[in-house]
Amino acid sequence: MNSLLDKEYLETLYRVGKKPRLRSCFLYLRRLIKFLTFFKYDLVWIEYEVFPYLPAVAERLLRLLGKPYVVDYDDAVFHNYDRSDNRLISVFLGNKIDAVMRNSSCVVAGNEYLAMRARKAGARRVELVPTVVDRERYQCGRSDLTTKPIIGWIGSPSTQRYVVDIRDALKKVCNETGAQLLLVGATEIVREQLPGIPVDVVRWTEKSEAALVGQMDVGIMPLEDGPWENGKCGYKLIQYMACGVPVVASPVGVNVEIVSESHCGHLADSVNEWAEALIGILSSGTLQSELGMAGRKAVEQKYCLQVQVPVWSSILRSVAQRGNA
């Protein structure tokens, strides 16, 4: 496995909210060196694309040389290009991901929105596999029940604006229940955008994320209803559920499927719906426990590595055996 973005890059991004450009150049060079060894393998497994913001030359080369590859999407990365504000990017790279999908032996999509794009692009094979977590990393139950109720969110600086969008509801809930907000992965500037709300901003690390989610009494996933958001695969919802934390989410994209089928929380759109859902959960220990247990059960039965690894194994083996025929 060769990840394009390493731990140092991600920790810098989450700490300062900006992409470290010098580190990016080094990581692209490292990826190129690794890519040139593709001939040694029976199959290449790609997440999104080989070289972001460069033409799909690498993927076309794999197809031309008869090297099968599987490409995996759990985000609408094609909108980086076709909806870019940069005219050059939208014109010259707008159809890049379509080419990556079309030249692949199989596209694995995390939700139907992504799968539809792959089919439209002309992908020869499309498989739906949900986003998952390692259920062994996540434990149920808060260790300290004497503190104030915690409304939690985990994400990145680029998505913290969704939390700000529901600040009126959050302020009402905190005032009525005495709850406080725990934001994992946000930047300090978010405090200024949430006046009157007690906020604890914690730096994200891979090592600490599961324990931090476990401190929450309810996890939130607010979203806008737009193309980007419809491509999301509900990863933070699944993290909450893995810890037995009930959820409240915007009725956007795969959120509807996850929450409705798992019975792990509520969907909320307006300020009143958000406030009512959060207050209802925080005010009832019984409801909180029931929703949390339902979420954990859904993770154990569907949204975990332990269940989906065999599915992935079957896909990869079948593609490797068939090659590019």
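The values are calculated or read from the model by the stated rules, or taken from the named source; none is laboratory data. Small disclaimer: the values here were computed from a predicted structure and weren't measured. Cβ placement follows ideal geometry from the backbone for every residue including glycine, while neighbour counts extend to all protein chains displayed. Surface areas here come from the heavy atoms of the whole protein model, side chains and all, with no ligands, DNA or RNA. Shrake-Rupley method; radii C 1.70, N 1.55, O 1.52, S 1.80 Å.
Computed values, structure above
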item: Under 5 Å, built H, 5+ apart or other chain: amide partners of residue 219; result: 152, 247, 248
item: Length-normalised contact order for the range 67-172 - Cα pairs under 8 Å, 6+ apart - percent; result: 21 percent
item: Length-normalised contact order of the chain in % [C-alpha pairs under 8 Å, at least 6 apart]; result: 17 percent
item: Contour minus Cα-Cα distance for residue 53 and residue 168 (0.36 nm per residue); result: 37.6 nm
item: Environment charge of residue 103, counting only residues whose C-beta is closer than 13 Å and scoring Lys/Arg +1, Asp/Glu -1; result: +4
item: Exposure rank, largest accessible area first [31, 124; 1.4 Å]; result: 124, 31
item: Length-normalised contact order for the range 183-257 - Cα pairs under 8 Å, 6+ apart - percent; result: 29 percent
item: Over 19 Å between alpha carbons, listed pairs 34/232; 34/96; 236/302; 67/232; 148/171; result: 34/232; 34/96; 67/232
item: Estimated inter-spin distance, residue 112 and residue 140, nm [label 7 Å along Cα→Cβ]; result: 2.9 nm
item: In sequence order, calculated HN-Hα J values of the range 32-38 (Karplus, 6.51, -1.76, 1.60; Hz; x Gly/Pro); result: 4, 4, 5, 4, 5, 9, 4
item: Residue-normalised accessible area of the chain, expressed per residue, 1.4 Å probe, Å²; result: 50 Å²
item: Residue-by-residue Karplus 3J(HN,Hα) for the range 123-140, coefficients 6.51, -1.76, 1.60, Hz, glycine and proline x; result: 4, 6, 8, 10, 10, 9, 9, x, 5, 9, 10, 7, 4, 6, 7, 10, 10, 8
item: Helix 305-322 vs. the chain, principal-axis angle (Cα, 0 to 90°, nearest 10); result: 10 degrees
item: Solvent-accessible area, 1.4 Å probe, carbon plus sulfur percent, for the chain; result: 53 percent
item: Residue 268 long-range amide H proximity, modeled H, under 5 Å; result: 249, 250
item: Cα-based helix-to-principal-axis angle, 271-282 vs the chain, degrees rounded to 10; result: 70 degrees
item: Placed amide H near residue 263: partners under 5 Å, 5+ positions off or other chain; result: none
item: Distance between modelled label sites at residue 301 and residue 156, nm, 7 Å Cα→Cβ extension; result: 3.2 nm
item: Rounded to whole Hz, the Karplus (6.51, -1.76, 1.60) HN-Hα couplings of the range 90-95, x for glycine and proline; result: 5, 6, 8, 10, x, 9
